[in-house]
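To start, the structure itself, in structure tokens.
Please treat every number below as a calculation from the coordinates, not as lab data. Note that the coordinates shown come from a computational prediction; the quantities given were computed from them, not determined experimentally. Here Cβ is always computed from backbone atoms with ideal geometry, including for glycine, and neighbour counts include all displayed protein chains.
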Amino acid sequence: MIEDKVNNSYRISYLISQFLNGNIEDDELKELQRWENLSSNNKKLVEELKDSECLEDRDHRIDRINLESEWLRFSNKVKYKRITLQKRVIRMAQYAAILLLPLSIVYLVFHMGTVKKSPASCAPCEITPGKHCAQLVLSNGKVLQLGSCKGSIKEQDGTIITTDSAIVFYKRNEDEKVEGLIYNEIRVVQGQEYHMRLADGTQVWINSMSSIKFPVHFSEGKREVEITGEVYFEVMPNKEKPFIVHTPIHDVRVLGTSFNISCYENDASVTTTLVEGKVLIENIPGELSPAQLTPNLQYNYHKSLHKASIEEVDAIAYAAWTKGYFQFENETLEQIFKKLERWYKIDVLYKSTSSRKEVFNGRLPRFENASTIMEMIEEVSNVKISLKDNLVVIE
């Protein structure tokens, strides 16, 4: 899909920029090297970018590009919601169009700094985005730091746990039999996210300030996990063994599907958004029968009202965080900054009550520094944002 190509181009441009600036992490360097090895053209591009003369020539050629016409070409080609916030900032949309040009894969990350600086970008200490990290709590209570350690661990029942910089996955040893289930837990704190694969092959993405408790291998009859915060699932199909997610409010039962659950304690509602397949919402407080969801439906349980509602949404938007983006669908500035607080480890102070309620639609890159995100929001809103240390002041 064209959208996937845009996402991939943005990611690669970010990695190249980090490499050339000397800020690349070990796992990011490996990811970039894997991309280089995919083709000779990829290797050639990276080599050219290491050459200052070649880079200067490339920069002059980029400056001659007619951004307006390229954006029109991009708009006609992509049948997808424009990558803008609600007030249609054409400059940001032009950046998205540039990503499709073979000439300038790294244009966005190199030229982001040419934007006129606002107070938000003048903070003396830059706030960087979150990382792929987590804590793994084993059945014996031992805690491992994921993202920094690599290797394999054997649990008490013989299950092999393999850890890497970006993922942990489980594989059961069928030769060893242990009665009962053995549980592990993954905890993701503020400013982190993590990806894992359960023993049945189910893929799980855990967002900031979230957790998942799960058996290292599942029983014969069903697969059950417990979560807090926000978690995205791609469940391995198994008609004989339904997959059940327990949240603090209700349960979600599936056979094989992709969906996002957000159940943060300090949010007003618990939401389940279905991307593919079919799910049942069960054990709902005050409800006798379960609610069924089909793709692009979202189930909202409003905690203070003790009432539920189902509405049609763009489900992909609610999984965008697993692809490296924040995507907002009719969300207030206050709702948006709740997500930014969790990811950037910031505190937010509102000097204007009205600013909290300003509504946005659109997409922002998840792996940009906080000051860049604040600049983008400032340019399409009526608010002024200042950023100092870890405090964001909005007026």
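Cα-Cα over 23 Å: which of Lys30/Lys150; Lys30/Lys345; Lys338/Lys384; Lys44/Lys323? Please list the in-between numbers first.
On the way: Lys30/Lys150 14 Å; Lys30/Lys345 26 Å; Lys338/Lys384 17 Å; Lys44/Lys323 27 Å.
The pairs that break the limit, which is 23 Å between Cα atoms, are Lys30/Lys345; Lys44/Lys323.
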**OP:** Taking amide H positions as placed in the peptide plane 1.01 Å from N, state which residues far from Ile182 in sequence (5 or more) or on other chains have amide H under 5 Å from it.
**Re:** Val216, His217
Original post:
In whole Hz, what ³J(HN,Hα) sequence does the stretch 207-214 give by Karplus (6.51, -1.76, 1.60; θ = phi - 60°), x for Gly and Pro?
Top reply: 7, 4, 6, 9, 8, 9, 10, 8
Original post:
How large is the charge dipole for the stretch 203-356, taken about the Cα centre, if only the Cβ atoms of Lys, Arg (+1) and Asp, Glu (-1) carry charge, to the nearest 20 debye?
Top reply: 220
Subject >> Under the Karplus curve 6.51 cos²θ - 1.76 cosθ + 1.60, θ = phi - 60°, whole-Hz ³J(HN,Hα) for the stretch 313-328, x wherever Gly or Pro sits >> reply: 9, 8, 4, 4, 4, 7, 10, 4, 5, 6, 9, x, 9, 9, 10, 10
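Based on the Kirkwood radius over alpha-carbon pairs, what is the Stokes-Einstein translational diffusion coefficient of the stretch 196-288 at 37 °C with 0.692 mPa s viscosity, in µm²/s? Let's see the in-between values first.
Numbers: Rh = 13.3 Å.
Using the Kirkwood radius from Cα pairs, D works out to 246 µm²/s.
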